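The values are calculated or read from the model by the stated rules, or taken from the named source; none is laboratory data. The structure presented is a predicted model; accordingly, all values stated were derived computationally and were not measured. Heads up, the Cβs are rebuilt from the backbone with ideal geometry, glycines too, and the neighbour counts pull from every protein chain shown. These accessible areas exclude ligands, DNA and RNA; they are computed on the full protein's heavy atoms, side chains included. Shrake-Rupley method; radii C 1.70, N 1.55, O 1.52, S 1.80 Å.
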Amino acid sequence: MARRGGPDSYAARWRRSAHRARIALRKSGVDYFRGDGSDWIALVGLLLTIPAITVTTLLNPLWSAPAALVLPIIAGGLVLRPASLLGLYATAAAALIVESIALGPYGAEPARVTPGTVLVVAACGFFGLVLAQFRARVGVPWRRGGTMLFDLRERIRVQSALPRLPQGWHREMALRPAGGQSFSGDFVVAARTNGGRTLEAVLTDVSGKGMDAGSRALLLSGAFGGLLGSLPPHGFLPAANGYLLRQDWDEGFATSIHLVLDLESGDYELLSAGHPPALQLHSGSGAWEEMAAEGPLLGVYDGAQFDAVKGHLAPGDVLMLFTDGLVETSDRDIAEGIDRLTGEADRYVTTGFEGAAWHLIEACAKDVNDDRALLLLCRHA
């Protein structure tokens with residue numbers, strides 16, 4: 001029993017030690033991936049690749065050229081901190097010296113360490129060090145930077161989601177950033193207030209476009225989402241104007257249009273801050289009407305007044321809110337763009353406006369280098 005207990009105890013201790021080591025390694029890997037831990041795992045892995053590459057080069061220099069040492073150097077520039085990167089560079093330089101001595105003068109055969117090889121490796125190391133120093137200064141590891149950008153994009157998308165509407169209503173939103181990017185200066189915030197009876201929606205166009213305006217759009221969408229429903233409808237745009245003024249941005253203005261729609265009666269109010277007019281299709285006459293409210297740009301001066309325009313959506317009517325990128329270009333004024341938009345929208349009158357928002361952007365402003373957004377509301381007949 002004593003002899004049997006010894007091996008059992010040893011095996012149990014070994015299993016516990018292996019389990020603790022596995023947990024610690026996994027924790028280190030997770031912390032490293034999140035950017036919170038040390039980079040020693042990546043450093044050790046890259047240091048081990050250098051002698052492997054060196055041995056392969058010495059055995060078969062035609063298939064594994066001396067310039068292959070740039071591979072761990074490039075990888076190190078992406079994942080290591082500057083201090084660790086210098087250690088990797090020193091190891092690579094030593095490996096290059098060993099290869100040069102072992103393979104002989106570079107004039108003897110083509111698969112040798114030439115001055116060009118040294119320049120390529122040194123140039124890759126220089127750019128890798130610059131990249132590592134930039135990441136260290138920003139404080140965001142490369143492996144987290146992409147995750148953060150993805151998270152920001154998803155937050156904008158979620159904040160721009162429209163709430164469900166009661167039966168008899170259809171709503172959809174289409175957004176296309178400039179240049180095919182993932183970030184846009186156009187955004188929508190919407191909420192149902194007054195016990196769910198009222199739909200409040202705000203379509204905003206931040207100055208700039210694409211990535212340049214994306215960060216400000218994210219900040220404003222969060223702030224506007226907090227203001228919406230917390231203030232009386234006529235107090236929203238003045239509060240939003242004051243918020244932009246407090247930011248003191250060099251390019252801090254924005255246009256915005258605020259819709260307040262009674263979902264039971266169909267009555268609505270529009271308040272605008274320098275935004276293009278809304279378009280309403282009257283089902284009875286089949287004509288489009290511009291609903292233009294008066295108000296200055298957001299973030300220009302304090303004490304701005306925003307006057308509302310009132311309307312009514314009867315069964316079968318359609319209301320479109322859009323940004324200027326959809327109807328205005330350098331070679332086309334806004335009146336011409338609105339005519340084109342309404343002409344394309346007329347094609348959906350008989351078939352319904354299901355999925356029309358995206359197709360209208362494609363038809364009217366597919367190749368425009370500006371952010372484009374379209375909010376469409378239909379009251380079914």
* Structure fact -> Of the listed residues (PHE187, PHE150, PHE127, PHE134), the one being at pLDDT 75 or above and surrounded by fewer than 17 Cβ atoms within 10 Å (Cβ to Cβ) is PHE127
* Does the range 311-323 include one or more residues that are modelled with pLDDT under 90 and surrounded by fewer than 17 Cβ atoms within 10 Å (Cβ to Cβ)? -> no
* To do: Of the numbered conditions (1) touching a helix residue (DSSP H, G or I) at 6+ places or on another chain (Cβ under 9 Å); (2) modelled with pLDDT of 90 or more; (3) more than 30 Å from THR351 (Cβ to Cβ); (4) open to solvent by 10 Å² or more (accessible area, probe 1.4 Å), ALA273 fails exactly one; give the number of that condition.
  => (4)
* To do: Could you tell me whether THR114 is out of contact with any Gly (no Cβ under 8 Å at 6 or more places or on another chain) and modelled with pLDDT under 70?
  => no
* Specify which of the listed residues (ALA52, ALA2, ALA42, ALA24) is surrounded by fewer than 14 Cβ atoms within 10 Å (Cβ to Cβ), modelled with pLDDT of 70 or more and aliphatic (A, V, I, L, M). => ALA52
* So how many residues does the range 278-295 have that are assigned to a loop (DSSP other than H, G, I, E, B), without any contact (Cβ under 8 Å) to a residue 24 or more places away in the chain and either of a type outside the set (A, V, I, L, M) or more than 25 Å from GLU336 (Cα to Cα) (or both)? -> 1
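Please count how many residues of the range 107-119 are within 16 Å of ILE50 (Cβ to Cβ) and part of a helix (DSSP H, G or I). Outline the logic, then answer.
Restricting attention to the range 107-119, the residues satisfying the condition of being within 16 Å of ILE50 (Cβ to Cβ) are 113, 117-118.
If we keep only those that are part of a helix (DSSP H, G or I) too, we end up with 117-118.
Residues in the range 107-119 being within 16 Å of ILE50 (Cβ to Cβ) and part of a helix (DSSP H, G or I): 2 in total.
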* Which numbered condition trips up ARG197, out of (1) open to solvent by less than 30 Å² (accessible area, probe 1.4 Å); (2) charged (D, E, K, R); (3) modelled with pLDDT of 90 or more? -> (1)
* To do: Just one of (1) among the aromatic types (Phe, Trp, Tyr); (2) modelled with pLDDT of 90 or more; (3) more than 24 Å from PRO163 (Cα to Cα) trips up PHE236, so point out which.
  => (3)
* To do: Note down all Cβ pairs under 6 Å where the first residue falls in the range 360-380 and is in contact (Cβ under 8 Å) with a residue 12 or more places away in the chain and closer than 13 Å to THR323 by Cβ, the second is in a loop (DSSP other than H, G, I, E, B) and open to solvent by less than 10 Å² (accessible area, probe 1.4 Å), and they're at least six residues apart or on different chains.
  => ASP371/SER184; ASP371/GLY185; ALA373/THR323
* Single condition TYR268 does not satisfy, out of (1) aromatic (Phe, Trp, Tyr); (2) at pLDDT below 95; (3) in a strand (DSSP E or B) -> (2)
* Picking from ASP339, ASP370, which residue would you name as being in a loop (DSSP other than H, G, I, E, B), charged (D, E, K, R) and open to solvent by 10 Å² or more (accessible area, probe 1.4 Å)? -> ASP370
* Asked: In the range 208-228, what count of residues is obtained for those that are modelled with pLDDT of 85 or more and either assigned to a loop (DSSP other than H, G, I, E, B) or open to solvent by 20 Å² or more (accessible area, probe 1.4 Å) (or both)?
  -> 5
* Select from the range 350-365 the residues that are surrounded by 14 or more Cβ atoms within 10 Å (Cβ to Cβ) and more than 15 Å from ALA174 (Cβ to Cβ) and list them in ascending order. => none
* Asked: Under the condition of being over 12 Å from the mean Cα position of the chain (by Cα), modelled with pLDDT under 80 and surrounded by 19 or more Cβ atoms within 10 Å (Cβ to Cβ), which residue from the range 160-184 is nearest to CYS364 (Cα to Cα)?
  -> ALA178
* Quick one: ASP250 ticks every box in (1) free of Cβ contacts under 8 Å to residues at least 24 places away in the same chain; (2) in contact with a helix residue (DSSP H, G or I) (Cβ under 9 Å, 6 or more places away or on another chain); (3) not aromatic (Phe, Trp, Tyr) except a single one, so which number is it? => (2)
